[in-house]
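Q: Below you will find the structure I want to go over with you.
The values are calculated or read from the model by the stated rules, or taken from the named source; none is laboratory data. The model shown is predicted, which means the values in this text are computed figures rather than measured ones. Backbone-built Cβ (ideal geometry, glycine too); neighbour counts: all protein chains shown. Surface accessibility is based on the protein's heavy atoms, side chains included, excluding ligands, DNA and RNA. Shrake-Rupley method; radii C 1.70, N 1.55, O 1.52, S 1.80 Å.
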Amino acid sequence: MLERLEQQKKLTANQWRIILTTNLGDMLDFFDFFLIGYVLAFILKEWHITYGQSAIILISAGLGAVPGAFFWGWMGDRIGRRTVFMLTALNVAIATGIMYFTPDQNWLIPGWVFLAFFRFFVGFGNAGMIAVDIPLVQEFVPTYKRGWVAGLTTTLLPAGNILGALSGWLLEPMISWRGLFLVGLAPALLVLMIRYWVPESPRFLTRMGRHDEARRSLAWALQCDPSEIELPTTTADEERTRWRELFRYPRSMAAGCLIALSQTGGAGILMWITALFVMVLKVTPNEAAYMMIWVGVLGIIGRLVASWMSDTVGRRYSGFLIGMGGAISMALAGYWHDVYIGTVSVFFLFIMVQRFFGDASYAIIGPYIAEVWPNRLRASGMGFCYGIGNLGKIIGPLGLALIVGSSDYVSPKVVPSALFPALLFLAFWYAQAAVMFLLLGFETKGRSIEEINRALDTPAGVGLDPVRVPAQ
């Protein structure tokens, strides 16, 4: 039945609707996730927030993201990608909207504690959405477009950051920083779009033994009559997922988790960069938010380039090249943080270059860590690797805070001499992910989901150029 999908030459309007819906979902989801960086820039001085309190606020979403990715990824294999897609959108929206009621610092529950608590649940849902929407899109498109389309799904993630920057620059003066959290309710509207536009994955339905539903889902995607698609001649029983089966695939586990830890570099710089612009470049929070718009634009361009590279160059070499680019540009931003070309900060220029590579890496890493698992474990495996990678949302912001502000834990003042080693720390995570692509990764370009599935589950292993998939 799925052979009909592999024979497709051109994506249909319905397939583009799925791509658009997941793009909008990720954009709004990450608007909510990164919104705290702009809010923090407004309340740092007003509330006299220490580095320790700032770090807790920023890393709380990372703490929630780890169990969120594990839980929602597993649920994606149990109850379906579409259902979890809707639930995670509601999860993120509600947790963000509640922060409108953040109390001041002198209340019984200090404001920073309130923010940290509900940021945990923002991270819980945010990680879950990524764990299911990439597998959902991948299972609706032919193999030769899978890398490009899955990468394209991540393209608007930086647009979420741009929305946060625009909100901080234009809306905050009108609605205050608390009002920005009400704007964060927008992902709840996405649920209506998902219900109307997005059916369940035909591969998930087939695995669950719901073949007639799978045929209707596939026919919807291909925009043809369901009767034109032949049902399987043999029907398998419902295939249940056991989370512990992930450990039968140690190479997939190691490659996926280590590569996903590049998030340490991305989360570390993105959670702090608006505040760093304020403190290093001596600009206002509104000016820093405006600068972040251009950082986000470079990120979108980077993801478009990486999406193209994924199916042209291949996942492994694209991941290596882009990871090294992210590491080198991060290090140079720290080394030349106090250099100006005329009135233009070299620190700002290299941060933009870094986000080109840093965002580009997500367009390859996200789809790749879903591809290295058998079909029955794709969402669970993606969720596990992404969950481990989300430890970077704790390690990155906390590590940068400890290094940059290490001489003063009370007053948030950047130690200029510490900025270079702090950004070297973040650069390391991009470099190690790049190396892991070459040492542990196996190429998935041009291989169907079913072919990868057979390769992973064949005892003797099946060669996938240029690296063999060994028995796992």
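Q: Karplus couplings for the stretch 91-97 from phi (6.51 cos²θ - 1.76 cosθ + 1.60, θ = phi - 60°), rounded to Hz, Gly and Pro as x?
A: Once θ is set to phi - 60°, the couplings for the stretch 91-97 become 3, 5, 4, 5, 4, 6, x Hz.
Q: So if each residue of separation counts as 0.36 nm, and I subtract the Cα-Cα distance between VAL344 and HIS48, what length gain in nm does that give?
A: My answer for the length gained is 103.6 nm.
Q: What angle, in degrees between 0 and 90 and rounded to the nearest 10, separates the Cα long axis of helix 285-312 from the longest principal axis of the Cα atoms of the chain?
A: Helix 285-312 sits roughly 30 degrees off the main axis of the chain.
Q: What's the angle, to the nearest 10 degrees (0 to 90), between helix 13-43's Cα axis and the longest principal axis of the chain?
A: 20
Q: Taking 7 Å along the Cα-to-C-beta vector as the label spot, tell me the TRP107-HIS211 distance in nanometres, rounded to one decimal.
A: Label at TRP107, label at HIS211, 5.8 nm between them.
Q: When ligands, DNA and RNA are left out and all protein chains stay put, how many square angstrom of accessible area per residue does the stretch 148-194 have with a 1.4 Å probe? List each step's numbers first, then the result.
A: Working: 1670 Å² over 47 residues.
The answer is 36 Å² per residue.
Q: Next question. Counting Lys and Arg as +1 and Asp and Glu as -1, what is the net charge of the other residues whose Cβ lies under 13 Å from the Cβ of ALA131? Mind dumping the intermediate values first?
A: Values: positive: ARG78, ARG81, ARG378; negative: ASP26, ASP29, ASP77, ASP133.
Neighbourhood net charge equals -1.
Q: Let me ask you something else. In terms of modelled amide H atoms, which long-range or inter-chain residues lie less than 5 Å from the amide H of TYR340?
A: VAL346
Q: Then there is this: Per residue, how much accessible area does the stretch 1-108 show when a 1.4 Å probe rolls over the protein heavy atoms, in square angstrom?
A: I get 37 Å² per residue for this part.
Q: Leaving out ligands, DNA and RNA, and with a 1.4 Å probe, what % of the accessible surface on the chain is carbon or sulfur?
A: 68
Q: Do any chymotrypsin sites (Phe, Trp or Tyr not before Pro) in the stretch 81-172 lie in a DSSP loop with no more than 16 other beta carbon atoms within 10 Å, and if so, which?
A: TRP107
Q: Next up: Scan [x] 27.7; [y] 36.5; [z] 21.4 for the value of mean projected area of the Cα convex hull in nm² calculated from this model and give just the label.
A: Answer label, from the structure shown: [z].
Q: So, R0 is 35 Å and r is the distance between the beta-carbons of ARG195 and ILE293; what FRET efficiency does that work out to, to 0.05?
A: 0.60
Q: Which whole-number percent gives the relative contact order of the chain, counting Cα pairs below 8 Å spaced six or more residues apart?
A: 24
Q: If you don't mind, there's one more thing I want to ask. Which of LYS10/LYS445; LYS45/LYS282; LYS45/LYS393 have a Cα-Cα distance over 21 Å?
A: Checking Cα-Cα distances, LYS45/LYS393 exceed 21 Å.
Q: In whole Hz and in residue order, list the ³J(HN,Hα) couplings for the stretch 127-141 that follow from phi through the Karplus curve 6.51 cos²θ - 1.76 cosθ + 1.60, θ = phi - 60°; x for Gly and Pro.
A: 5, x, 4, 4, 5, 10, 6, 5, x, 4, 5, 4, 7, 10, 10
Q: Which whole-number value in Å² is the accessible area per residue of the stretch 259-408, probe 1.4 Å?
A: Roughly 29 Å² per residue, with all protein chains present.
Q: Just the accessible area for ASP457, please: 1.4 Å probe, Å², rounded to the nearest 10?
A: That residue has around 60 Å² of solvent-accessible surface.
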